[in-house]
Every structure is written in structure tokens, then in C-alpha cells.
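Nothing in this text is a laboratory measurement; each read-out follows from the coordinates by a stated rule. Predicted model only: the values in this text are computed from it and were never measured. Neighbour counts are summed over all protein chains in view; Cβ atoms, including those assigned to glycine, are modelled from backbone coordinates with ideal geometry.
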DNA sequence: CACATACCTGACTTATTTGTCAGGTACTGG
DNA sequence: CCAGTACCTGACAAATAAGTCAGGTATGTG
């Protein structure tokens, strides 16, 4: 379970935009410098984000990028999805088909409930954290413990 | 946040071993057939798992692989870690350093608490599910909702 | 309207992950 | 002690992700 470069750098770039309180667009060059990334790479990442409508560009002198909505109304989850993000359960099962066209387990998969639970949870966590919350210093995220159990009639 | 092929197929292979109730080793060929994977690929995956000591091989005729402990004493988390698994917080911060040697954010990173919370949680979920629980039909995993908040003095 | 600024975008290179191949080693049975 | 079975292992090939390059387009200023 890996965090991709797209996700990490994409979130970091959009956090830079969220920091921009005066409403003026922020240049790619500035973002690249602040994050220690190349201009070309930041352009590519921001282009991806702008296609999803989360950010928009302003061309010409004094141009740059800015959020299309206040940062309190944009969740991390939305950004993650725009960046490729966490797969849905269908995507997971459709992705690992081995040598076959479809997964050999069909709907009798022991692993599927695990992936579904984890990914659903991660989605729900990310959907509840707006960008604004990341800017307020050390964010505290508390998560109550889960329980896992098989149907009682089969347990033993 | 992607599930890797190693994790998916590694877990599926070890589930096949966990199904083997008579204590006899299971051949690579059988696993490959049941999972729709090539023999060579399954060999590679099982070799990785055997290096970590979770499974062991029996050579020669009637040989194969088996778990080194009862499946009730092996957690998914342990298997995931053997397969590359979920990164620790240090690994995440050390991985995305852009053009620099180290991440430009040092310890003032807005994103770090998010990754730490999520990965800690995922670890704790996986560590609590033993392989035996996966075999008992449809596993139910319930997770109570999390809360996220910034320190009150900075909120607004 | 010319020019500088700064975004736009597809093609390309490089790195990493995924999956295969080939030849080797250990064990068992006759 | 020979032959067949089945694991062992490094090197290679293919696919995907990460990151760069080059030339283009829109906008504001004098």
C-alpha cells in the first residue's frame, strides 16, 4: 500500500495555493521553488488538478494558479481522487486478474472485504478533512479502533 | 494510495497455504493454477515470504510450501510487511524529497500528520486480523469514525 | 502591435515495478 | 547411486510510473 508521488506532490502543491490568502494567483515557478521540484514537473501536476476543476489558471503576466473555491470547501479526498487516488473496490478486483481476463475468485474472494473496508475508511477520512484544516498547524487525527469478525455461525 | 501486485498476490498465495489443513506442504504449481498466475511468478512471491520466516519450503518430491505457524497466529499485517507493505512515517518523508537530498519541509510539514494517522491506522487494522479470520467466509470489518481537528487556539 | 510573461501540452527519457527465463540445488524412491 | 521431482536464485524483459524537454498559446503593458 504505497503513497504515490502524484499524491504527495499534488497535495503539497495545492497546499501552497491554499496558503495564498490574498486571492492572487501563484506562479508555477514559486511553487516549484518552495517544494524543491522542477518547474516542468509542477506544471504537469497542476495541469492534472486543473482538468478536474479544483484549481484554475490565469495566463499572461501576473498569472499563475489558484483554487476555484475557498480552501475550507475542498477536501483532501477530492484532491486525492483528482490525482489518481485510492482505488474503489471494483478497481482493485479488476486490476489483479493474473493470467486471466477476470479475477479467478469472482465474488468468492476472501481478500475483497479487507480491501473494501480499508479503502472505504480511508476515503471517509480524507473526505472529512478540508484543506483549511491542514494549514492550522499540527493537525490531530484521532481514529477509534475497529473490530473485525467473521459471522458467528462459521467461527471456531 | 495503491495496493501493489506483491501485496495482492502475496496475500492470495498465503491464503492458499492457510487453507491447507492437513499440514502437508502445497506445491507451487497448485497455487499458481488456483490463482491464475505463472509458476515462476508464484515462486518469486513465495521466496520473498519464506525469507521473512512466515512460510517454509520442503524440497524434493512431495515438497512445497507451508506456514511455519498456525494461521490463527499470523496477522495480515505481518504478511503485508514481508511483502513490502505499508510505509512508516519516516519512509514516507524520506521518499519524497523532490530535487533535494531531504524533504524541504523538515519537521514543519502539514501533510505528515495525515500520512502518519492513516498509515498507523492501517497498520493497526491489519495487525488485528489473523489469516484464520479470512477463511471463515465473509469477513466483517467495522471501523468507528475518526475525528480530525487542529489545535483550538489556532482554529478559525 | 510588438514583446515579455507565464501557462499549455504532447512527446520523450529515466526509474521502478512487474513478470519471465534458464540453469542450479536438495530430496526421495527404486 | 541414478533419475525424477520440486524448490532456489540471479539475470533478464516488459509494463507502468515518474520526471524532462521543446515548442506553442493566451494575456497584459508600453
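What ranking do A:8-15, B:111-118, A:63-70, B:66-73 get when scored by the average of other Cβ atoms within 10 Å per residue, highest first?
A:8-15, B:111-118, A:63-70, B:66-73
Cα centroid distance between the stretch A:1-59 and the stretch B:67-91, in Å?
If you average the Cα positions of each part, the centres end up 35 Å apart.
Among B:48, B:21, B:119, whose mean-square fluctuation peaks in a Gaussian network model of chain B (Cα, cutoff 10 Å)?
Checking each option, the largest mean-square fluctuation is seen for B:21.
Shape of the protein assembly as shown from its Cα gyration tensor (a ≥ b ≥ c, root eigenvalues): rounded if a/c is under 1.5, otherwise prolate when a/b > b/c, or oblate? Could the numbers behind the result be given before it?
On the way: a/c = 2.46, a/b = 2.01, b/c = 1.23.
It is prolate, given that a/c is not under 1.5 and a/b is the larger ratio.
Starting from the Kirkwood Rh over alpha-carbon pairs, what translational D in µm² s⁻¹ does chain B have by Stokes-Einstein at 20 °C and 1.002 mPa s?
119 µm²/s
Which whole number gives the average count of other chain Cβ atoms within 10 Å of the Cβ atoms across peptide B:110-119?
Mean shielding count: 6.
Within a 10 angstrom radius of each residue's Cβ in B:35-42, how many Cβ atoms of other chains show up on average? Whole number is fine. Present the calculation step by step, with values, prior to reporting the outcome.
Details: counts 7, 10, 5, 2, 0, 0, 2, 1.
Average per residue, whole number: 3.
From the square roots a ≥ b ≥ c of the eigenvalues of the alpha-carbon gyration tensor of the stretch A:1-85, which class results: rounded (a/c under 1.5), prolate (a/b over b/c), or oblate? Don't skip to the end; give the middle numbers.
Working: a/c = 1.72, a/b = 1.24, b/c = 1.39.
Note, shape of the stretch A:1-85 comes out oblate.
Choose one answer from B:125, B:79, B:104: the residue with the largest mean-square fluctuation in a GNM of chain B with alpha-carbon springs under 10 Å.
Among B:125, B:79, B:104, the largest GNM mean-square fluctuation belongs to B:104.
Considering only the label points, 7 Å along Cα→Cβ from Cα, what distances in nm to one decimal separate residue A:56 from the same position in each other copy, shortest first?
Nearest to farthest, the other copies are at 6.6 nm.
Once the label point is placed 7 Å from Cα along Cβ, list for residue B:73 the distances to the corresponding points in the other copies, in nm, shortest first.
Spacings between copies for this position, smallest first, are 5.8 nm.
How would the stretch A:61-136 be classified by its alpha-carbon gyration tensor: rounded, prolate or oblate, with rounded meaning a/c under 1.5 and the a/b versus b/c comparison settling the rest? If you can, show how the numbers build up before the last one.
Details: a/c = 5.32, a/b = 2.19, b/c = 2.43.
Judged from the Cα gyration tensor, the stretch A:61-136 comes out oblate (a/c at least 1.5, b/c at or above a/b).
Got the residue A:95 label distances to the other copies yet, label 7 Å along Cα→Cβ, in nm, shortest first?
List, nearest first: 1.3 nm.
Can you give the helix-only mean residue ellipticity at 222 nm for chain A, where every DSSP H stretch with n ≥ 4 adds -39500 (n - 2.57) and the sum goes over all residues, rounded to the nearest 500 deg cm²/dmol?
Counting only the DSSP helices, I get -13000 deg cm²/dmol.
For chain A, with a Gaussian network of springs between Cα atoms less than 10 Å apart, report the residue from A:120, A:107, A:30 with the top mean-square fluctuation.
Greatest mean-square fluctuation among the candidates belongs to A:107.
Take every residue in peptide A:96-108, count the Cβ atoms of other chains within 10 Å of its Cβ, and give the average of those counts.
Counting other chains' Cβ atoms within 10 Å and averaging over A:96-108 gives 4.
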